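Undergrad: Just passing along the structure, written as structure tokens.
All of the numbers you see were taken from the coordinates with simple rules; none came from a lab. The structure presented is a predicted model; accordingly, all values stated were derived computationally and were not measured. All Cβ positions, glycine included, derive from the backbone under ideal geometry; neighbour counts span all protein chains shown.
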Amino acid sequence: MKKTILSIALTAFAMSGMAADNGKIHIKITAKNAGDTIVVVTKPTEQTFVGKQGVFDFEADVPVIGKYLIAEPQVLRGMDGAFFSIPLIPGETVELKSEEMGRDVINGSGFYSQYHEADVIMDQIKAERNDLGNSLNEMLQNGASQDSVARLYHERIAPIREKYNKAVFDFIKDHPDWEASAAIIEELPNLESMKAAVQILSESVREGRCKPLYQTVIDAVEAKTKRTEEAAKRQASGAEAPDFTLTDINGNPLKLSSLRGKHVILDFWGSWCGWCIKGFPEMKKYYEKYKGKFEILGVDCGDTVDKWKAAVEKHQLPWLHVYCPNDATLTQDYAIQGYPTKIIIGPDGKIVKTIIGEDPAFYTLLDELFK
């Protein structure tokens, strides 16, 4: 099992799928340096099992075929620990072993013996990527500049990625009757290649029990693509900024259109957003630099009212503020996909520019607008 500090939001997920055959999977684990407790996260439930010195042998309930997290308890709290994120197939036996250098071995019955062969091929190329990272880190430690190392990384990582993508696609092409081929489609780099791989699968695999392992990923990519396209339309320069009324920091209603006639910057943020907080000092400088030439309207998202007000007070934010409750449609109206998002609105109520993230381009644009 690999050791890492892991955000549970990145890996503790289950892809919805077909009803389980008998609802149980036999799991055997031998994990170096692991403790005596392991958790199988099958959302919305967590199943805890006890072993001895990293050795476990148990049956877990699997509500639907999907990809799940198996981890030491501390991983669920965002701490360093051992984990696997793998497909769980009811009625099968999976054997998980950790070896030196973080190598994970996945084997077992039926599906997992197939998956093992694919995993070995993928791990060989992942090892090349890891070796590249280690060599570049060594260069940095020996005094090489970050720019030169970054250029070298981009030069050398591209052929490794191409090699990896080709290896995954070739495995699927060579094993169209294997259920493991359906499971590794998610490793492909884009929607086009995923859909092409699906068509290579034999009908029995394409429409079989492991269909959820690729279909849920494809559905998610399609949904994200649709959201991105919608965001591009709604946030485009020249688009009409949707009007709204929300409660301000003093408990009074504030309507966006009441600010018509001046430039307004909508700052979608939250106290939980590290990059939002990091950007405040520079925002305050520019707010003072061009005082009176534009207004900032902070739109707090994802906080409680108390946390919102406390953050405004703590960071001494001198501009206007409104609170966006979780049941409001504002973030959908503006197709917000990341935080912070800053939307510059002209005096005519139309969007001038949308900038996602804490980007120096935002301040360059303010200089261009107000100098």
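Undergrad: Please report the antiparallel percentage of DSSP beta bridges with both residues in the chain, rounded to the nearest 5.
TA: Numbers: 49 of 67 bridges.
Percent antiparallel among DSSP bridges in the chain is about 75.
Undergrad: Under 17 Å between alpha carbons, and skipping anything fewer than 8 positions from Lys211 in its own chain: which lysines qualify?
TA: Within reach: Lys67, Lys173, Lys195.
Undergrad: Quick check: the angle from helix 146-174's long axis to the longest principal axis of the chain, C-alpha only, nearest 10 degrees?
TA: 50 degrees
Undergrad: So what's the back-of-envelope 222 nm ellipticity for the chain, counting only DSSP H runs of four-plus at -39500 (n - 2.57) apiece and dividing by all residues, rounded to 500?
TA: Working: 11 runs with 149 residues, N = 371.
Computed mean residue ellipticity for the chain: -13000 deg cm²/dmol.
Undergrad: Would you mind telling me which residue in Asp306, Asp123, Asp170 has the biggest mean-square fluctuation in a Gaussian network model of the chain, where springs connect alpha carbons within a distance under 10 angstrom?
TA: Sorting by GNM fluctuation, first place goes to Asp306.
Undergrad: Could you please state, rounded to a whole Å, how far the C-alpha centre of segment 161-231 is from the C-alpha centre of segment 68-134?
TA: 19 Å
Undergrad: Which of the following values of mean projected area of the Cα convex hull in nm² was calculated from the structure shown: [x] 22.3; [y] 24.2; [z] 19.9?
TA: Derived directly from the coordinates: [x].
Undergrad: Can you work out ³J(HN,Hα) from phi for every residue in segment 229-234, in order, using Karplus 6.51 cos²θ - 1.76 cosθ + 1.60 and θ = phi - 60°, giving whole Hz and x for Gly and Pro?
TA: Karplus values, whole Hz, x for Gly and Pro: 5, 5, 4, 4, 6, 6.
Undergrad: Rank Lys262, Lys24, Lys314 by mean-square fluctuation in a GNM of the chain with C-alpha springs under 10 angstrom and give only the top-ranked residue.
TA: Lys314
Undergrad: Given springs between every Cα pair under 10 Å in a Gaussian network model of the chain, which of Pro73, Pro325, Pro87 has the largest fluctuation?
TA: Pro325
Undergrad: How far apart, in nm, are two points set 7 Å out from the Cα along the Cα-to-Cβ line at Ala196 and at Ala361?
TA: Each label point lies 7 Å from its Cα, and together they span 2.9 nm.
Undergrad: If you take the charge dipole of segment 110-234 about its Cα centre, with +1 on Lys and Arg Cβ and -1 on Asp and Glu Cβ, which of Ser193, Gly110, Ile160 is farthest toward its positive end?
TA: Working it through, the farthest residue towards the positive pole turns out to be Ser193.
Undergrad: Another question, then. Once amide H atoms are built 1.01 Å from N in the peptide plane, which residues 5 or more positions from Ala82, or in another chain, come under 5 Å H to H?
TA: Those qualifying (amide H under 5 Å, at least 5 residues apart or on another chain) are Glu72.
Undergrad: Could you put Glu179, Glu92, Glu117 in order, starting from the residue whose Cβ has the fewest other Cβ atoms within 10 Å? Can you show the working numbers first?
TA: Values: Glu179 24, Glu92 21, Glu117 13.
Listing Glu179, Glu92, Glu117 from fewest to most nearby Cβ atoms yields Glu117, Glu92, Glu179.
Undergrad: A further question follows. With θ taken as phi - 60° and the coefficients 6.51, -1.76 and 1.60, list the Karplus ³J(HN,Hα) couplings across segment 341-352 in order, rounded to whole Hz; mark glycine and proline as x.
TA: 10, 10, 10, 8, 10, x, x, 8, x, 9, 6, 8
Undergrad: Among the aspartates and glutamates, select those whose C-alpha is under 13 Å from the C-alpha of Lys342, and discard any that sit fewer than 8 residues away in the same chain.
TA: Reachable aspartates and glutamates: Asp267, Glu295, Asp300, Glu358, Asp359.
Undergrad: Asp174 to Ser204: extension gain in nm, 0.36 nm per residue of separation minus the Cα-Cα distance?
TA: 9.2 nm
Undergrad: Taking 0.36 nm per residue of sequence separation and subtracting the Cα-Cα distance, how much length would be gained by fully extending the chain between Lys289 and Lys371, in nm to one decimal?
TA: Details: separation 82, 0.36 × 82 = 29.52 nm, distance 0.97 nm.
Additional length available on full extension: 28.5 nm.
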